[in-house]
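The values are calculated or read from the model by the stated rules, or taken from the named source; none is laboratory data. Note that the structure is a prediction, hence the values are computed from the model and not measured. For neighbour counting, all protein chains shown are included, and Cβ atoms are generated from backbone atoms with ideal geometry for every residue, glycine included. Remember, those area values only see protein heavy atoms, side chains included, never the ligands or the DNA or RNA. Shrake-Rupley method; radii C 1.70, N 1.55, O 1.52, S 1.80 Å.
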There are 2 protein chains.
Amino acid sequence: MVSDTYEKILDAAERLMVSRGYNAFSYADIAPEVGVGKATIHHHFPTKADLAAAVLARYRKNNRRHVEGLFTAVIDPVARLEAYIGFWEDCIRRQDMPFCIGALLASEIPSLPDAVVQQVRGHFADLSSWLGAVIEDGVAKGRLKAEQGTAVTAECLMASVHGAMLAARVAGSDPAVFSAIARRAVDQLLTAATGDQSPAESQAVPTVTAGGARGP
Amino acid sequence: MVSDTYEKILDAAERLMVSRGYNAFSYADIAPEVGVGKATIHHHFPTKADLAAAVLARYRKNNRRHVEGLFTAVIDPVARLEAYIGFWEDCIRRQDMPFCIGALLASEIPSLPDAVVQQVRGHFADLSSWLGAVIEDGVAKGRLKAEQGTAVTAECLMASVHGAMLAARVAGSDPAVFSAIARRAVDQLLTAATGDQSPAESQAVPTVTAGGARGP
DNA sequence: GAGCTTCAACCGACCAGTTGGTAGAGAAAG
DNA sequence: CTTTCTCTACCAACTGGTCGGTTGAAGCTC
């Protein structure tokens, strides 16, 4: 099987990538965290691109498993979307994984090795196809609406979630900021006849207060 | 007033930051592009944090000017939002400035110097307060709706736009992908009585195709 | 105007520290 | 005896940043 060190290197790299992206972490950061020399990391992952691609590949695999589990465990399409949002809410609140690696690396694409870019593209494809499937099912069951088609609707929801993560990070990793935006994006997909299940649970409105520049 | 070199350094730094973020560009990249020595850059901007903060400060100033000009030049609130989206559409199409620096740096926040983080926060505040003002005016004129309040609505629209930029970058800086998402976010704010001005101009639906499948 | 000072702009050379990556050898285990 | 894993030591290239010094225009005095 895969060695213990191998997995621990991936863990450390993932943690660093979530908070710093691709360009701002180094082998020297990982080595002491795992308790091995730099050369050991190179033994398992010859180049930095290999390492980052491996982190993303594992991340995608876990993500797909989690998300497919959600699909079978939760029958109601609305509840599925809410569980998905809730997952990220928890991640941000618990401060482990306070950002989607795929989305983070997407912004760095022009300075990323090809192998990594491919994984990022793959992640976006994974996600939008899952959201598409959930929405399509929701439309069929009359619980969701997608007037412009399921594909664009999924793309829009995904964009809202990513934008919400960004806003939350700007607000100091505030899960309330994420929720306020992401949950409203889901609410907009609800059909009018969905009064019983998800009664627009009127969140408080956490405005993003500024750094230095908010005028009186 | 300010020297020519000073401005050219800011230009080069801005260009590099748009495509690479903060951590993946260096003084050595800028120097040859401007045609000066590294030491000259340090003369104008003692540290990298100073340089990045100055780039952001100028970016914000230009942005505020542009956006306030839009506010006075365009009277219809819906047209204002469409002009704002159209601006980014053009930026992506022309391939200069294919991303908002503020949003890009926001994802790097945990690894950014304080002075830069403050500018990023400031930019988000600038933007959300402008969008808030446009939406509020639109609501007053009966052209837009903001059931959850103007602040959250503005925050949501901003998130959609940022998410759309991300999706466009993943799709290889495709302006059509940006438009499909961002324009739909605006459409959702329209009141039902807005059939005359903005007749839901049924965009083609460019799906983000996955993996390596994008043509050259 | 000559002679002097001041000062921002600029430069090449240099600095210590870090980057991703390599060489070769020692364990350990089948 | 090979394979896998790990180590120390090393590498050239690059990082942000400093150093002392040159240029040239502006300001001042006589």
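Suppose the filter is surrounded by fewer than 16 Cβ atoms within 10 Å (Cβ to Cβ), modelled with pLDDT of 95 or more and of a type in the set (D, E, K, R); does B:R65 pass it? Talk me through it step by step, then tell me what you get.
On the way: surrounded by fewer than 16 Cβ atoms within 10 Å (Cβ to Cβ): yes; modelled with pLDDT of 95 or more: yes; of a type in the set (D, E, K, R): yes.
It is true that B:R65 is surrounded by fewer than 16 Cβ atoms within 10 Å (Cβ to Cβ), modelled with pLDDT of 95 or more and of a type in the set (D, E, K, R).
If you go through region B:99-107 one residue at a time, do you hit one that is in a helix (DSSP H, G or I), within 25 Å of B:I181 (Cβ to Cβ) and over 12 Å from the mean Cα position of the chain (by Cα)?
Checked against the condition, which is being in a helix (DSSP H, G or I), within 25 Å of B:I181 (Cβ to Cβ) and over 12 Å from the mean Cα position of the chain (by Cα), region B:99-107 yields at least one hit.
If you go through region A:99-131, how many residues are under 17 Å from A:K61 (Cβ atoms), at the interface with another protein chain (Cβ under 7 Å from one of its Cβ atoms), hydrophobic (A, V, I, L, M, F, W, C) and open to solvent by less than 10 Å² (accessible area, probe 1.4 Å)? Residues that pass the stated criteria total 2. The residues of region A:146-165 that are open to solvent by 10 Å² or more (accessible area, probe 1.4 Å) and within 7 Å of chain B (Cβ to nearest Cβ), listed by number, are A:Q148, A:G149, A:A151, A:V152, A:E155, A:C156, A:S160. Residue count for region B:1-37, restricted to those that are of a type in the set (S, T, N, Q) and within 14 Å of another protein chain (Cβ to nearest Cβ): 3.
Listed by first and then second residue, the pairs linking a residue in region A:49-61 that is away from chain B (no Cβ under 14 Å) to a residue that is among the aromatic types (F, W, Y) and within 16 Å of DNA strand D (Cβ to nearest atom), with Cβ atoms under 7 Å apart and 6 or more places separating them unless they lie on different chains, are A:L51/A:F45; A:A54/A:F45. Test A:A39 against the stated conditions and say whether it is among the small types (G, A, S), open to solvent by less than 30 Å² (accessible area, probe 1.4 Å), within 16 Å of DNA strand D (Cβ to nearest atom) and farther than 22 Å from A:A159 by Cα. So A:A39 fails the test. Can you pull out the residues in region B:42-59 that are more than 18 Å from B:S3 (Cβ to Cβ) and within 9 Å of DNA strand D (Cβ to nearest atom)? Residues satisfying the conditions are B:T47, B:K48, B:A49.
When the residues of region A:31-64 are filtered to those that are near DNA strand C (Cβ under 9 Å from one of its atoms) and among the charged types (D, E, K, R), the one that is farthest from A:Q118 (Cα to Cα) is A:K38. Of all the residues in region A:13-30, those that are within 13 Å of DNA strand C (Cβ to nearest atom) and open to solvent by less than 10 Å² (accessible area, probe 1.4 Å) number 5.
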